[in-house]
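I have placed the structure first, in the form of structure tokens, so that the comments after it can refer back to it.
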Amino acid sequence: MKTAKAKARYAARAKVMKALAHPTRLFIVDQLANGPRCVCELTEMVDADVSTVSRHLSVLRESGIVVDDKRGNQVFYSLTVPCVLNWYSCVEGVLKAGARQRLAAIR
């Protein structure tokens, strides 16, 4: 990394990757692909308490993956850019390639 600009770009990418590096947050992003959800819905879907879900949403919001929209006494979350779901396809490709390599190694 030669420039401060490049370092900042890689740091920003790492922040997004870290935010997605938790099963619950991946699940939340998957659910938000279907449209905005309130914290109460996500809490029920995740089967966790409100503070846990709020903490996960905070990590996703701080990394720029989701945005919040306060409507009365409820807060709804939605994906900032739905293309984040394209990353899932890439990860699935990596997992499949790894499985093929492991299978080939035991044959």
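Quick look at the numbers
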item	result
Prolate/oblate/rounded label for the chain (Cα gyration tensor, a/c 1.5)	oblate
Amide H contacts of residue 68 (H built 1.01 Å from N, under 5 Å, at least 5 apart or other chain)	none
Simple spin-label estimate for residue 100 and residue 73 in nanometres, 7 Å along Cα-Cβ	5.5
Rough spin-label spacing in nm, given labels placed 7 Å along Cα→Cβ, for residue 41 and residue 5	4.1
The chain, relative contact order [Cα under 8 Å, separation at least 6], %	24
Anchor residue 15: lysines whose Cα lies under 21 Å away (excluding residues fewer than 8 positions away in-chain)	2, 5, 7
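No lab work stands behind these numbers, since they all come straight from the coordinates. Not measured: the values here are computed from a predicted model. Counting neighbours? That spans all protein chains shown, and the Cβs are built from the backbone with ideal geometry, glycine included.
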